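> First, the structure itself, so that you have it in front of you.
The values are calculated or read from the model by the stated rules, or taken from the named source; none is laboratory data. Source: prediction; values computed, not measured. Cβ: placed from backbone, ideal geometry, glycine included. Neighbour counts: every protein chain shown.
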Amino acid sequence: MLLNLHKPLAFFDLETTGINVTSDRILEISIVKVLPGNNEVEIKTERINPMMPIPLESSLIHGIYEKDIADKPTFKDLAHVFNNFLKGCDLAGFNILKFDVPVLQEEFNRADIDFDLHGRRMVDAQKIFHMMEPRTLSAAYKFYCNKDLNNAHSAEADTLATYEVLKAQVTKYDNLSIKDKKGNDYIPVKNDIQSLHELSAGNLVDLAGRMAFNDQAQVVFNFGKYKGVLVSDVFKKDPSYYDWMMKGDFPIDTKKKLTAIKLEQLKNK
């Protein structure tokens with residue numbers, strides 16, 4: 001089926017130095033422009049020098065390292081090219097509203113180009129996916145167990161359904177391998193509670209998820225301006241951050257875990 005278009009629809013995706021909309025930069029951009037009528041496709045893909053270090057944890061995900069972009073142009077160098085390519089286009093992508101569009105607009109702003117979104121329609125395939133394939137217990141029960149969940153939101157019915165869903169998941173995915181962030185094959189779902197725990201919550205330090213373990217099993221902040229930074233490093237360079245969190249509206253569990261880390265750091269001085 002051809003898309004019914006009255007103006008070009010530009011699908012785009014970004015690879016970036018991180019996930020902070022305001023401070024991270026584009027490393028790679030790919031735009032697939034679909035034209036009205038016969039849906040002819042024009043593609044523009046470019047690697048970008050972000051003029052900042054690329055965190056290792058980001059490179060392990062998208063496979064772009066500093067050596068790969070050292071001789072590439074900056075976004076500002078190509079900003080007019082991108083702006084012209086996108087002129088008159090509506091925008092589309094997967095989860096573009098929360099991340100890709102804001103990041104792209106930030107880059108245009110830094111290049112002193114007014115990338116005007118007024119009049120551009122935006123289509124997010126993720127929103128359609130989540131709307132049409134709900135991620136609810138009832139949907140999971142139907143998908144995994146092929147049963148309708150009667151009395152949904154009754155505690156007992158929901159609990160029994162969850163038990164059946166987990167059994168069905170273990171049966172369906174047991175010994176099924178997928179690729180990890182580094183491209184290595186591994187089996188995430190095993191009929192073993194410790195393995196299922198590590199899959200579900202093994203990365204969490206506190207229950208609210210304000211802290212997490214990075215790939216080196218070090219505790220990092222998982223939110224805010226220090227997202228991805230070692231908690232111990234933050235305590236060294238910004239001691240007031242601990243006091244701010246202790247006085248802030250954070251769960252008691254988070255504050256206890258935070259204090260334990262601080263005390264351990266003081267003990268090892």
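> I'd like to verify a number: residues in region 196-250 that are more than 18 Å from Pro55 (Cα to Cα), assigned to a helix (DSSP H, G or I) and hydrophobic (A, V, I, L, M, F, W, C), how many?
Residues meeting the conditions: 7.
> Does Phe223 fit the bill of being among the aromatic types (Phe, Trp, Tyr), exposed (fewer than 14 other Cβ atoms within 10 Å of the Cβ), under 30 Å from Glu264 (Cβ atoms) and not assigned by TED's automatic domain parsing to the domain that holds Ile61?
Yes: the conditions hold for Phe223.
> Of the residues that sit in region 129-141 and are of a type outside the set (Ser, Thr, Tyr) and exposed (fewer than 15 other Cβ atoms within 10 Å of the Cβ), which one is nearest to Asp13 (Cα to Cα)?
Among them, the one singled out is Phe129.
> Now for a separate question. Within the set of pairs 6 or more residues apart or between chains, which connect a residue that is of a type in the set (Asp, Glu) inside region 1-19 to a residue that is surrounded by 13 or more Cβ atoms within 10 Å (Cβ to Cβ) and part of a loop (DSSP other than H, G, I, E, B) with Cβ atoms less than 8 Å apart?
Hits for this filter: Asp13/Phe94; Glu15/Ile64.
> Additional query: Can Asn20 be described as over 18 Å from Asn109 (Cβ atoms) and either in contact with a Leu (Cβ under 6 Å, 6 or more places away or on another chain) or at pLDDT below 95 (or both)?
So Asn20 fails the test.
> Let me ask you something else. Those residues that are in contact (Cβ under 8 Å) with a residue 60 or more places away in the chain, out of contact with any helix residue (DSSP H, G or I) (no Cβ under 9 Å at 6 or more places or on another chain) and among the hydrophobic types (A, V, I, L, M, F, W, C), I need them from region 87-127; list them, please.
Matches in region 87-127: Cys89, Phe99, Val103.
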